[in-house]
Structure formats: structure tokens, C-alpha cells
Amino acid sequence: MTLDPNWFYSSLAQSAAAIVGIVGSVLVVRLQAQLETAQRNKEHILPLFLASRSRWIANSISMKCVVAHIEKMRPIVRQALDSGATELKVGEKVTFTANARQSPPWSIQISPVTLDTYDRDKAAAILLADALDGLSRIKELHKLGNNRSTFEGIRLSVPEEAYGIVDSVLADLTRIAEPIARHSIQTSVHISIILTAVLAWVCIFSLLVPLTYLSAYEDVHKYLLTAAFAAGVFALPVVLAFQIMEVRAVSQLAVPPEDFL
């Protein structure tokens, strides 16, 4: 009994075509849904970041005001101490928690400890201002999480009066980190990449190669038609690859150029 191998190659090609159609359609729907989710998440997360960044910039300006105030007051206090004074009349007050000007001037108690406090507060204000400036200039929101440990460390080295600023930054980072983490899970394309690679493999070795083994009236006709069919078959993995790249581009959560500092 002579067996016709065309049945095997034909069945294999038909089965592969069904698999390609099913998997391809599922992947297209999945990637389109991920693209819409990525865009929706970005529209929600970016305003959160911009609102937080406004607070960080305001706090950074406040810290620079603290530094400027200390640089102005320290020589005055030093001179007053050298003359034997124990109090000093001032017309403004700049601290970690408030910037205020008041008239008429009021008296503050001064001592050598005042100078040490100024030095400590100046170093803390410079540290906070630099950290807040760096945080405000971040362009890729996925990098925000790396700054949490930085501010947790800063909290250990600044005076208690500055805890409110550090804690507000940590609260902002926590508020933003949760939707970013959810976004990363929802827009992950690792499975889609693997399935697209598998789909391309099936297209080549389970669909196109078996088709070339099938008999035809003329070999040239078989190869021409197979080549034409191959162009259409390979279009699906190519489309999926472009969709994957589009999802990955949107899921990067990059700050738009018009919002750069």
C-alpha cells in the first residue's frame, strides 16, 4: 500500500494555520487592550507627578531661602556674640516650617549654640534642596522609586524641624509608586513577545515549510504561491511586533518635553 505524504503535510499546514489564526487574533486583542490601558494610566499618573513636582519645587525654593537667611544672619549673630550680646533684634524669620517677615523687629536669644544650629540647618537645607531639585528633574517616572531610599536616608540626617518636608516627599512617592507598579504589571509585554516568537516559528516550520512539500502541477507555481502566501503570513508577526513596540513606548511613562524642567 502506497501512502500519500501530501495528507500529512496538508493536515500539518491546516492545523498550523488554525493555530496562527487563533493565537494571532488573541494577541492583537490583548495588545490593543494593553495599549489603551497604558494610555489611560499615563493620563492618570502624569498629573499626579506634576502636582507632586510643584510641591517639591516649592520646598526646594524654601530650602534655598533657609540657606540664604542663614548666610545673612550668621555673621550678624557672630558679631553680636563677640560684642557680648545675648539677644538680637531681627525683622524676619526663615525656618524649615515657615518663612515670615514681621515689623517691628522682635528679639531672639543667641548663644554659641546658635551658630552650631545655623551650620547644622544650612547643611540640612542644602542637602534637601539638592535632593528635591534632582527629584523634580526626573523625566522617566519609573525612576521615582529609586529616590525613596534616598529620602529615607536624608530623614536620618536632618533636624526634626525638617521631618515634615521629608515626610511629605515620601508620601508623594508612595502615592505615585502604587499606580506605577500597577501600570507596569498591566502593560507587561513579555508574554506577548514570547507568543509572537512562537507564532513566527509555527508560521515557518509548521505552515510554510509543509506547504513547499505538497505536490502541484508545476513546481514553479507552488513556490510562487507559497512565497505570496508567506508575505501575508509574516505580516501578522510584523504587525504584532509593531504593536508590542507601541505598547512599550507608551508604558515608559516619560514626561512630555513641554513639561521638562
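The values are calculated or read from the model by the stated rules, or taken from the named source; none is laboratory data. Since we're looking at a predicted model, the values are computed, not measured. All Cβ positions, even for glycine, are placed from backbone atoms using ideal geometry, and neighbour counts span all protein chains on display.
Remarks
- Within the stretch 69-86, residues that are within 13 Å of D121 (Cβ to Cβ) have Cβ atoms under 6 Å from residues that are of a type in the set (S, T, Y) and surrounded by 11 or more Cβ atoms within 10 Å (Cβ to Cβ) in these pairs: I70/Y118; R74/Y118; V77/T114, counting only partners at least 6 apart in sequence or on another chain.
- Verdict on V29 being in contact with a Phe, Trp or Tyr (Cβ under 9 Å, 6 or more places away or on another chain), modelled with pLDDT of 90 or more and part of a helix (DSSP H, G or I): no
- If the condition is being on the phi > 0 side of the Ramachandran plot and part of a helix (DSSP H, G or I), then the stretch 213-261 contributes no residue at all.
- Among the criteria (1) closer than 30 Å to P237 by Cα; (2) of a type outside the set (S, T, Y); (3) within 26 Å of the chain's Cα centre (by Cα), the one I61 does not fulfil is (1).
- When residues of the stretch 56-102 are limited to those that are within 20 Å of E160 (Cβ to Cβ) and in a strand (DSSP E or B), the one modelled with the lowest pLDDT: A100
- Looking only at residues in the stretch 1-25 that are touching a residue at least 60 places away in the same chain (Cβ under 8 Å) and among the β-branched types (V, I, T), the one that is farthest from L135 (Cα to Cα) is I19.
- Taking the listed residues E218, E258, E246, the one that is in contact (Cβ under 8 Å) with a residue 60 or more places away in the chain and of a type in the set (D, E, K, R) is E246, with no other qualifying.
- Against the conditions (1) touching a helix residue (DSSP H, G or I) at 6+ places or on another chain (Cβ under 8 Å); (2) assigned to a strand (DSSP E or B), S107 satisfies every one except (1).
- Which numbered condition L127 misses (of (1) over 30 Å from A33 (Cβ atoms); (2) modelled with pLDDT under 95): (2)
- Selection within the stretch 158-176 - among the hydrophobic types (A, V, I, L, M, F, W, C) and either assigned to a helix (DSSP H, G or I) or closer than 14 Å to L48 by Cα (or both): A162, I165, V166, V169, L170, A171, L173, I176
- Across the stretch 179-192, the number of residues qualifying as in a helix (DSSP H, G or I), among the hydrophobic types (A, V, I, L, M, F, W, C) and surrounded by 15 or more Cβ atoms within 10 Å (Cβ to Cβ) comes to 1.
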